[in-house]
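K.L.:
One structure, as C-alpha coordinates, below. Some questions next.
The values are calculated or read from the model by the stated rules, or taken from the named source; none is laboratory data. Nothing here was measured: the structure is a model prediction, and the numbers come from that model. All Cβ positions, even for glycine, are placed from backbone atoms using ideal geometry, and neighbour counts span all protein chains on display. Areas reflect the complete protein model, heavy atoms only, side chains present, ligands, DNA and RNA absent. Shrake-Rupley method; radii C 1.70, N 1.55, O 1.52, S 1.80 Å.
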Amino acid sequence: MRFKIPNLPLLSPKTLNPLTPKPHMASLLTAPEAQAWNLHSDPPQDLDDVLCSDQHQQQEEQQKTFADTAPSRCLSGESRIERAWAHWSKLGRPKLIVAPMVDNSELPFRMLCRKYGADAAYTPMLHSRIFTESEKYRDQEFTTCKEDRPLFVQFCANDPEVLLEAAKKVEPYCDYVDINLGCPQRIARRGNYGAFLMDNLPLIKSLVENLVQNLHVPVSCKVRIFPDLQDTIKYARMLEDAGCSLLAVHGRTRDEKDQKKVRANWDAIKAVKNSLRIPVLANGNIRHMDDVHDCLEATGADGVLSAESLLENPALFAGFRTAQWLPGNEESKKDGKLDQADLLVEYLKLCEQYPVPWRMIRAHVHKMLGEWFRIHPHVREDLNAQSVLTFEFLYSIVDRLRELGAGIPLHLKETNAATICANGLAT
(Lines give C-alpha, C1' and ligand atoms only; values in the text may rest on other atoms or scores of the structure.)
Protein backbone atom coordinates (compact mmCIF):
# COMPACT_ATOMS: atom_id res chain seq x y z
CA MET A 1 0.00 0.00 0.00
CA ARG A 2 1.44 3.33 -1.02
CA PHE A 3 0.00 6.67 0.02
CA LYS A 4 0.59 9.91 -1.76
CA ILE A 5 2.80 11.92 0.55
CA PRO A 6 3.72 15.23 -1.10
CA ASN A 7 7.27 16.46 -0.60
CA LEU A 8 6.56 20.01 -1.68
CA PRO A 9 7.45 22.90 0.66
CA LEU A 10 4.79 23.79 3.18
CA LEU A 11 3.91 27.05 4.88
CA SER A 12 5.86 27.25 8.12
CA PRO A 13 3.71 26.08 11.03
CA LYS A 14 2.06 28.61 13.31
CA THR A 15 3.27 31.64 11.36
CA LEU A 16 0.50 34.19 11.52
CA ASN A 17 1.29 36.26 8.44
CA PRO A 18 -1.54 35.72 5.92
CA LEU A 19 -0.62 35.22 2.30
CA THR A 20 -1.71 37.81 -0.23
CA PRO A 21 -3.71 36.69 -3.26
CA LYS A 22 -1.76 36.28 -6.49
CA PRO A 23 -3.05 35.40 -9.92
CA HIS A 24 -3.03 31.67 -10.49
CA MET A 25 -3.83 29.73 -13.62
CA ALA A 26 -5.33 26.27 -13.38
CA SER A 27 -6.30 23.86 -16.10
CA LEU A 28 -9.97 23.18 -16.57
CA LEU A 29 -10.70 19.61 -15.58
CA THR A 30 -12.32 17.56 -18.29
CA ALA A 31 -13.26 14.39 -16.45
CA PRO A 32 -16.48 12.75 -17.65
CA GLU A 33 -19.63 13.54 -15.70
CA ALA A 34 -20.95 10.88 -13.36
CA GLN A 35 -23.01 10.58 -10.19
CA ALA A 36 -21.41 11.42 -6.88
CA TRP A 37 -20.38 8.49 -4.74
CA ASN A 38 -21.60 7.63 -1.26
CA LEU A 39 -20.40 5.49 1.61
CA HIS A 40 -22.50 2.47 0.67
CA SER A 41 -20.90 1.60 -2.64
CA ASP A 42 -17.64 1.79 -4.55
CA PRO A 43 -18.10 5.38 -5.69
CA PRO A 44 -18.23 6.43 -9.32
CA GLN A 45 -16.36 9.58 -10.27
CA ASP A 46 -17.96 13.01 -10.05
CA LEU A 47 -16.52 16.30 -11.21
CA ASP A 48 -16.35 17.52 -7.63
CA ASP A 49 -14.65 14.25 -6.62
CA VAL A 50 -11.79 14.80 -9.06
CA LEU A 51 -8.59 15.86 -7.34
CA CYS A 52 -8.21 19.61 -7.39
CA SER A 53 -4.84 19.59 -9.16
CA ASP A 54 -3.35 17.50 -11.91
CA GLN A 55 0.10 18.25 -10.54
CA HIS A 56 2.22 15.06 -10.33
CA GLN A 57 2.92 13.88 -6.82
CA GLN A 58 5.71 11.52 -5.87
CA GLN A 59 4.81 8.45 -3.87
CA GLU A 60 6.88 7.24 -0.99
CA GLU A 61 6.51 4.95 1.98
CA GLN A 62 6.63 6.72 5.33
CA GLN A 63 7.38 4.21 8.03
CA LYS A 64 7.15 5.50 11.58
CA THR A 65 8.24 3.66 14.67
CA PHE A 66 6.45 4.03 17.97
CA ALA A 67 7.85 3.51 21.43
CA ASP A 68 7.16 -0.03 22.57
CA THR A 69 5.46 -0.90 19.30
CA ALA A 70 4.39 -4.44 20.13
CA PRO A 71 0.59 -4.88 20.11
CA SER A 72 -1.03 -4.76 23.53
CA ARG A 73 -2.45 -8.28 23.61
CA CYS A 74 -0.06 -9.38 26.37
CA LEU A 75 -0.09 -6.23 28.49
CA SER A 76 -1.88 -5.97 31.80
CA GLY A 77 -4.48 -3.26 32.33
CA GLU A 78 -2.06 -1.20 34.38
CA SER A 79 0.65 -1.47 31.71
CA ARG A 80 -1.83 -0.37 29.05
CA ILE A 81 -2.66 2.75 31.06
CA GLU A 82 1.03 3.57 31.48
CA ARG A 83 1.62 3.03 27.79
CA ALA A 84 -1.36 5.24 26.89
CA TRP A 85 0.07 8.13 28.90
CA ALA A 86 3.61 7.55 27.67
CA HIS A 87 2.42 7.84 24.08
CA TRP A 88 0.31 10.93 24.80
CA SER A 89 3.27 12.56 26.54
CA LYS A 90 5.60 11.68 23.67
CA LEU A 91 3.25 13.62 21.37
CA GLY A 92 3.54 16.66 23.65
CA ARG A 93 0.10 16.25 25.27
CA PRO A 94 -1.68 18.28 22.56
CA LYS A 95 -4.50 20.47 23.85
CA LEU A 96 -6.00 22.11 20.74
CA ILE A 97 -7.30 19.55 18.28
CA VAL A 98 -9.13 19.64 14.95
CA ALA A 99 -12.14 17.35 15.23
CA PRO A 100 -13.02 14.77 12.55
CA MET A 101 -15.41 16.24 9.98
CA VAL A 102 -16.72 14.33 6.99
CA ASP A 103 -15.29 15.90 3.81
CA ASN A 104 -13.94 18.82 5.86
CA SER A 105 -10.89 17.85 7.94
CA GLU A 106 -8.79 16.85 4.93
CA LEU A 107 -5.05 17.48 4.64
CA PRO A 108 -4.99 21.12 3.37
CA PHE A 109 -7.52 22.19 6.01
CA ARG A 110 -5.63 20.33 8.75
CA MET A 111 -2.41 22.06 7.74
CA LEU A 112 -4.10 25.47 7.75
CA CYS A 113 -5.42 24.85 11.26
CA ARG A 114 -2.01 23.64 12.41
CA LYS A 115 -0.45 26.85 11.17
CA TYR A 116 -2.93 28.78 13.31
CA GLY A 117 -2.40 26.95 16.57
CA ALA A 118 -3.86 23.44 16.31
CA ASP A 119 -1.66 20.90 18.08
CA ALA A 120 -3.18 17.78 16.49
CA ALA A 121 -5.92 16.78 14.06
CA TYR A 122 -8.27 14.02 12.95
CA THR A 123 -8.85 12.94 9.38
CA PRO A 124 -12.41 12.92 8.08
CA MET A 125 -14.34 9.78 8.94
CA LEU A 126 -13.31 7.03 6.52
CA HIS A 127 -15.61 4.10 5.69
CA SER A 128 -13.60 1.00 6.61
CA ARG A 129 -15.17 -1.35 4.08
CA ILE A 130 -14.80 1.01 1.13
CA PHE A 131 -11.29 1.86 2.29
CA THR A 132 -10.26 -1.79 2.07
CA GLU A 133 -11.98 -2.36 -1.29
CA SER A 134 -11.29 0.76 -3.35
CA GLU A 135 -7.84 2.06 -4.19
CA LYS A 136 -9.39 5.20 -5.65
CA TYR A 137 -11.20 5.88 -2.39
CA ARG A 138 -7.97 5.45 -0.43
CA ASP A 139 -6.00 7.73 -2.74
CA GLN A 140 -8.57 10.51 -2.73
CA GLU A 141 -9.90 10.38 0.81
CA PHE A 142 -6.70 9.80 2.80
CA THR A 143 -3.61 11.88 2.16
CA THR A 144 -1.00 13.08 4.60
CA CYS A 145 2.50 14.52 4.78
CA LYS A 146 5.34 14.46 7.26
CA GLU A 147 4.24 17.77 8.86
CA ASP A 148 0.75 16.38 9.44
CA ARG A 149 1.38 15.02 12.94
CA PRO A 150 0.12 14.22 15.52
CA LEU A 151 -2.64 12.62 13.43
CA PHE A 152 -5.72 10.55 14.29
CA VAL A 153 -7.09 8.48 11.38
CA GLN A 154 -10.77 7.83 11.99
CA PHE A 155 -12.85 4.94 10.65
CA CYS A 156 -16.48 3.99 10.93
CA ALA A 157 -17.05 0.25 11.07
CA ASN A 158 -19.26 -2.57 12.27
CA ASP A 159 -17.04 -5.54 11.38
CA PRO A 160 -13.91 -6.10 13.50
CA GLU A 161 -11.94 -7.85 10.74
CA VAL A 162 -12.77 -5.29 8.07
CA LEU A 163 -11.83 -2.47 10.46
CA LEU A 164 -8.52 -4.18 11.23
CA GLU A 165 -7.72 -4.58 7.54
CA ALA A 166 -8.36 -0.87 6.98
CA ALA A 167 -6.41 0.16 10.08
CA LYS A 168 -3.34 -1.81 9.09
CA LYS A 169 -3.10 0.20 5.88
CA VAL A 170 -2.79 3.51 7.76
CA GLU A 171 -0.96 2.66 10.98
CA PRO A 172 2.48 3.64 9.61
CA TYR A 173 1.16 7.13 8.86
CA CYS A 174 -0.64 8.12 12.07
CA ASP A 175 -0.41 8.38 15.83
CA TYR A 176 -3.83 6.87 16.62
CA VAL A 177 -6.36 4.77 14.77
CA ASP A 178 -9.70 6.14 15.91
CA ILE A 179 -13.11 4.46 15.88
CA ASN A 180 -16.09 6.69 15.13
CA LEU A 181 -18.72 5.81 17.72
CA GLY A 182 -20.43 9.19 17.69
CA CYS A 183 -21.89 9.95 14.25
CA PRO A 184 -25.64 10.59 14.80
CA GLN A 185 -26.67 11.12 11.17
CA ARG A 186 -29.20 9.06 9.21
CA ILE A 187 -26.46 7.61 7.01
CA ALA A 188 -24.91 6.12 10.15
CA ARG A 189 -28.24 4.59 11.15
CA ARG A 190 -28.62 3.03 7.68
CA GLY A 191 -25.05 1.78 7.69
CA ASN A 192 -25.16 0.61 11.32
CA TYR A 193 -22.12 2.49 12.53
CA GLY A 194 -21.21 5.56 14.57
CA ALA A 195 -23.51 6.40 17.49
CA PHE A 196 -25.97 3.69 16.44
CA LEU A 197 -23.56 1.03 17.68
CA MET A 198 -24.40 2.27 21.19
CA ASP A 199 -27.25 -0.24 20.99
CA ASN A 200 -24.72 -3.08 20.60
CA LEU A 201 -21.97 -2.63 23.18
CA PRO A 202 -20.51 -6.15 22.72
CA LEU A 203 -19.82 -5.30 19.07
CA ILE A 204 -18.13 -2.04 20.08
CA LYS A 205 -15.97 -3.92 22.57
CA SER A 206 -14.93 -6.42 19.89
CA LEU A 207 -14.03 -3.60 17.46
CA VAL A 208 -11.70 -2.06 20.05
CA GLU A 209 -10.18 -5.30 21.30
CA ASN A 210 -9.40 -6.61 17.83
CA LEU A 211 -7.50 -3.45 16.95
CA VAL A 212 -5.68 -3.30 20.27
CA GLN A 213 -4.52 -6.90 19.94
CA ASN A 214 -3.22 -6.51 16.39
CA LEU A 215 -2.01 -2.95 15.82
CA HIS A 216 1.29 -1.32 16.73
CA VAL A 217 -0.34 2.11 16.98
CA PRO A 218 -2.67 3.09 19.86
CA VAL A 219 -6.45 2.89 19.45
CA SER A 220 -8.70 5.82 20.34
CA CYS A 221 -12.47 6.23 20.29
CA LYS A 222 -14.81 9.17 19.83
CA VAL A 223 -18.20 8.81 21.50
CA ARG A 224 -21.41 10.58 22.41
CA ILE A 225 -22.99 10.38 25.84
CA PHE A 226 -26.03 8.37 26.91
CA PRO A 227 -29.02 10.24 28.39
CA ASP A 228 -28.21 8.54 31.71
CA LEU A 229 -24.86 9.54 33.20
CA GLN A 230 -24.19 6.15 34.78
CA ASP A 231 -24.69 4.46 31.41
CA THR A 232 -22.14 6.87 29.95
CA ILE A 233 -19.59 6.09 32.66
CA LYS A 234 -20.07 2.32 32.25
CA TYR A 235 -19.65 2.74 28.50
CA ALA A 236 -16.43 4.72 28.91
CA ARG A 237 -15.00 2.21 31.39
CA MET A 238 -15.82 -0.65 29.01
CA LEU A 239 -13.83 1.09 26.27
CA GLU A 240 -10.88 1.66 28.60
CA ASP A 241 -10.96 -1.97 29.72
CA ALA A 242 -11.05 -3.09 26.07
CA GLY A 243 -7.76 -1.27 25.51
CA CYS A 244 -8.77 2.17 24.26
CA SER A 245 -5.78 4.48 24.83
CA LEU A 246 -7.61 7.81 24.49
CA LEU A 247 -11.28 8.77 24.60
CA ALA A 248 -12.84 11.85 23.00
CA VAL A 249 -16.28 12.63 24.44
CA HIS A 250 -18.84 14.72 22.59
CA GLY A 251 -21.07 16.04 25.36
CA ARG A 252 -24.35 15.50 23.52
CA THR A 253 -26.56 12.46 23.11
CA ARG A 254 -27.22 10.68 19.83
CA ASP A 255 -30.53 12.54 19.45
CA GLU A 256 -29.07 15.98 20.16
CA LYS A 257 -28.00 16.83 16.62
CA ASP A 258 -28.68 20.57 16.56
CA GLN A 259 -25.53 22.02 18.09
CA LYS A 260 -26.89 25.56 17.97
CA LYS A 261 -29.90 24.66 20.10
CA VAL A 262 -28.39 22.11 22.49
CA ARG A 263 -25.27 22.93 24.46
CA ALA A 264 -22.81 20.17 25.16
CA ASN A 265 -22.89 18.72 28.66
CA TRP A 266 -19.50 19.50 30.14
CA ASP A 267 -20.53 17.98 33.48
CA ALA A 268 -20.92 14.59 31.79
CA ILE A 269 -17.45 14.96 30.24
CA LYS A 270 -16.04 15.81 33.66
CA ALA A 271 -17.66 12.70 35.13
CA VAL A 272 -16.09 10.55 32.42
CA LYS A 273 -12.69 12.15 32.96
CA ASN A 274 -12.91 11.49 36.69
CA SER A 275 -13.88 7.86 36.06
CA LEU A 276 -11.10 6.93 33.64
CA ARG A 277 -7.33 6.63 33.83
CA ILE A 278 -6.56 7.26 30.13
CA PRO A 279 -6.42 10.71 28.47
CA VAL A 280 -9.85 12.21 27.79
CA LEU A 281 -10.68 14.94 25.27
CA ALA A 282 -13.71 17.23 25.41
CA ASN A 283 -15.84 18.03 22.36
CA GLY A 284 -18.66 20.57 22.23
CA ASN A 285 -19.23 24.34 22.69
CA ILE A 286 -15.71 25.35 21.53
CA ARG A 287 -16.28 28.57 19.57
CA HIS A 288 -13.27 30.66 20.64
CA MET A 289 -10.34 30.54 23.05
CA ASP A 290 -12.36 31.64 26.07
CA ASP A 291 -14.42 28.48 25.55
CA VAL A 292 -11.21 26.44 25.39
CA HIS A 293 -10.08 27.82 28.76
CA ASP A 294 -13.53 27.39 30.34
CA CYS A 295 -13.95 23.83 29.04
CA LEU A 296 -10.56 22.64 30.24
CA GLU A 297 -11.22 24.19 33.64
CA ALA A 298 -14.76 22.80 33.91
CA THR A 299 -14.07 19.27 32.70
CA GLY A 300 -10.46 18.62 33.65
CA ALA A 301 -10.07 17.18 30.15
CA ASP A 302 -6.64 16.72 28.61
CA GLY A 303 -7.55 18.63 25.45
CA VAL A 304 -10.43 19.99 23.39
CA LEU A 305 -11.80 19.33 19.93
CA SER A 306 -13.47 21.95 17.74
CA ALA A 307 -15.35 21.32 14.50
CA GLU A 308 -17.99 23.68 13.12
CA SER A 309 -16.41 26.83 14.51
CA LEU A 310 -13.08 25.96 12.88
CA LEU A 311 -14.77 25.63 9.49
CA GLU A 312 -15.79 29.29 9.66
CA ASN A 313 -12.62 30.42 11.39
CA PRO A 314 -9.59 28.13 11.00
CA ALA A 315 -7.55 30.63 13.07
CA LEU A 316 -9.67 30.01 16.17
CA PHE A 317 -6.85 28.31 18.09
CA ALA A 318 -4.56 31.30 17.47
CA GLY A 319 -6.98 33.53 19.38
CA PHE A 320 -8.92 34.98 16.44
CA ARG A 321 -12.69 35.16 16.59
CA THR A 322 -15.54 36.35 14.43
CA ALA A 323 -17.57 39.40 15.42
CA GLN A 324 -20.39 37.08 16.51
CA TRP A 325 -18.37 36.01 19.54
CA LEU A 326 -17.01 39.39 20.61
CA PRO A 327 -17.69 40.54 24.17
CA GLY A 328 -19.15 44.01 24.51
CA ASN A 329 -16.07 45.85 25.77
CA GLU A 330 -13.91 47.80 23.34
CA GLU A 331 -10.66 46.23 24.54
CA SER A 332 -11.71 42.96 22.99
CA LYS A 333 -12.40 44.46 19.56
CA LYS A 334 -8.83 44.63 18.34
CA ASP A 335 -8.64 44.12 14.58
CA GLY A 336 -6.49 41.04 14.09
CA LYS A 337 -5.34 42.20 10.60
CA LEU A 338 -6.74 38.94 9.26
CA ASP A 339 -10.03 37.97 7.67
CA GLN A 340 -11.66 34.83 6.31
CA ALA A 341 -10.71 35.69 2.74
CA ASP A 342 -7.04 35.70 3.79
CA LEU A 343 -7.56 32.28 5.32
CA LEU A 344 -9.32 31.01 2.21
CA VAL A 345 -6.44 32.12 0.00
CA GLU A 346 -4.01 30.27 2.26
CA TYR A 347 -6.24 27.21 2.12
CA LEU A 348 -6.39 27.31 -1.69
CA LYS A 349 -2.61 27.52 -1.89
CA LEU A 350 -2.37 24.44 0.30
CA CYS A 351 -4.85 22.67 -1.97
CA GLU A 352 -2.59 23.40 -4.92
CA GLN A 353 0.22 21.70 -3.03
CA TYR A 354 -1.86 18.88 -1.61
CA PRO A 355 -4.70 18.00 -4.04
CA VAL A 356 -8.09 16.96 -2.66
CA PRO A 357 -11.48 16.45 -4.33
CA TRP A 358 -13.12 19.68 -5.49
CA ARG A 359 -16.26 18.96 -3.47
CA MET A 360 -14.22 19.51 -0.29
CA ILE A 361 -12.84 22.81 -1.56
CA ARG A 362 -16.30 24.00 -2.57
CA ALA A 363 -17.62 23.28 0.92
CA HIS A 364 -14.79 25.23 2.57
CA VAL A 365 -15.34 28.25 0.31
CA HIS A 366 -18.98 28.39 1.43
CA LYS A 367 -18.05 28.02 5.10
CA MET A 368 -15.23 30.58 5.19
CA LEU A 369 -17.02 33.16 3.06
CA GLY A 370 -20.53 32.53 4.38
CA GLU A 371 -20.93 35.94 6.02
CA TRP A 372 -19.48 37.67 2.97
CA PHE A 373 -21.92 35.84 0.68
CA ARG A 374 -24.84 37.00 2.83
CA ILE A 375 -23.84 40.57 2.04
CA HIS A 376 -23.30 39.86 -1.67
CA PRO A 377 -25.48 36.83 -2.53
CA HIS A 378 -24.94 37.30 -6.27
CA VAL A 379 -21.29 36.26 -5.83
CA ARG A 380 -22.42 33.08 -4.11
CA GLU A 381 -24.85 32.42 -6.96
CA ASP A 382 -22.01 32.73 -9.44
CA LEU A 383 -20.05 30.17 -7.42
CA ASN A 384 -22.99 27.77 -7.31
CA ALA A 385 -23.44 28.08 -11.06
CA GLN A 386 -19.97 26.66 -11.68
CA SER A 387 -20.20 22.93 -12.37
CA VAL A 388 -16.41 22.80 -12.73
CA LEU A 389 -14.13 24.80 -10.45
CA THR A 390 -10.65 26.14 -11.05
CA PHE A 391 -8.27 27.90 -8.71
CA GLU A 392 -8.27 30.90 -11.04
CA PHE A 393 -12.04 31.25 -10.59
CA LEU A 394 -11.86 30.89 -6.80
CA TYR A 395 -9.11 33.51 -6.48
CA SER A 396 -11.26 35.80 -8.63
CA ILE A 397 -14.16 35.32 -6.18
CA VAL A 398 -11.94 36.68 -3.39
CA ASP A 399 -10.87 39.62 -5.58
CA ARG A 400 -14.49 40.46 -6.42
CA LEU A 401 -15.54 40.46 -2.78
CA ARG A 402 -12.65 42.72 -1.85
CA GLU A 403 -13.55 45.13 -4.65
CA LEU A 404 -17.12 45.18 -3.32
CA GLY A 405 -15.81 46.16 0.10
CA ALA A 406 -17.13 43.04 1.77
CA GLY A 407 -14.23 42.65 4.20
CA ILE A 408 -15.19 41.38 7.65
CA PRO A 409 -12.12 41.34 9.91
CA LEU A 410 -11.44 38.68 12.47
CA HIS A 411 -10.73 40.01 15.95
CA LEU A 412 -7.91 39.13 18.26
CA LYS A 413 -8.69 39.34 21.93
CA GLU A 414 -5.42 40.15 23.65
CA THR A 415 -6.06 37.80 26.54
CA ASN A 416 -6.55 35.02 24.00
CA ALA A 417 -3.01 35.33 22.75
CA ALA A 418 -2.01 33.33 25.81
CA THR A 419 -0.87 29.78 25.46
CA ILE A 420 -2.57 26.76 26.93
CA CYS A 421 -0.17 25.16 29.38
CA ALA A 422 0.25 21.58 30.51
CA ASN A 423 -2.25 22.09 33.31
CA GLY A 424 -4.87 23.05 30.73
CA LEU A 425 -5.25 26.67 31.74
CA ALA A 426 -4.25 29.86 29.99
CA THR A 427 -1.36 31.92 31.31
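K.L.:
Using a 1.4 Å probe, what is the accessible area per residue for segment 252-296, in Å²?
P.N.:
Working: 2030 Å² over 45 residues.
Accessible surface, normalised per residue, equals 45 Å².
K.L.:
Starting from 0.36 nm per residue, how many nanometres of slack lie between HIS216 and VAL388 once their C-alpha separation is accounted for? Could you put the intermediate results ahead of the total?
P.N.:
Values: separation 172, 0.36 × 172 = 61.92 nm, distance 4.20 nm.
Length gained between HIS216 and VAL388: 57.7 nm.
K.L.:
Quick one: compute the contact order of segment 183-285, relative version, from alpha carbon pairs under 8 angstrom and 6+ residues apart, as a percent. Numbers along the way, then the final one.
P.N.:
Working: 141 pairs, mean separation 26.4, N = 103.
Relative contact order, segment 183-285: 26 percent.
K.L.:
Pairs LYS222/LYS349; LYS95/LYS270; LYS367/LYS413; LYS222/LYS260; LYS146/LYS270; LYS146/LYS168: which exceed 25 Å Cα-Cα?
P.N.:
LYS222/LYS349; LYS146/LYS270
K.L.:
Here's something else I'd like to know. Would you please put 182-191, 298-307, 274-283, 134-143 in order of how densely packed they are, using the mean number of other Cβ atoms within 10 angstrom per residue and starting with the highest?
P.N.:
Descending packing order for the listed peptides: 298-307, 274-283, 134-143, 182-191.
K.L.:
Mind jotting down the distance between the C-alpha centroids of segment 173-197 and segment 206-284, whole Å?
P.N.:
Taking the Cα centre of segment 173-197 as reference, the centre of segment 206-284 is 12 Å away.
K.L.:
Give me the distance in nm between label points sitting 7 Å out from Cα along the Cα-to-Cβ direction at LYS136 and ARG149, one decimal.
P.N.:
3.3
K.L.:
Report the Stokes-Einstein translational diffusion coefficient (µm² s⁻¹, integer) for segment 215-307, Rh taken as the Kirkwood radius over Cα pairs, at 25 °C with viscosity 0.890 mPa s.
P.N.:
Working: Rh = 13.2 Å.
Result for D is 185 µm²/s.
K.L.:
Determine, from the Cβ-Cβ distance of ARG277 and LYS234 and an R0 of 22 Å, the FRET efficiency 1/(1 + (r/R0)^6), rounded to the nearest 0.05.
P.N.:
0.90
K.L.:
Here's a follow-up. So what is the diffusion coefficient of segment 73-190 in µm² per second by Stokes-Einstein at 10 °C and 1.306 mPa s, using a Kirkwood Rh over Cα pairs?
P.N.:
Taking Rh from Cα pairs, D becomes 104 µm²/s.
K.L.:
What does the highest-first list of 252-258, 144-150, 359-365 look like by mean Cβ count within 10 Å? Display every interim value, and only then the final one.
P.N.:
Details: 252-258: 16.3, 144-150: 17.9, 359-365: 20.4.
Answer by packing, highest mean first, reads 359-365, 144-150, 252-258.
K.L.:
Find how much the distance from LYS169 to ASP258 grows on full extension, using 0.36 nm per residue of separation minus their present alpha carbon separation; answer in nm with one decimal.
P.N.:
Roughly 28.6 nm would be gained on extension.
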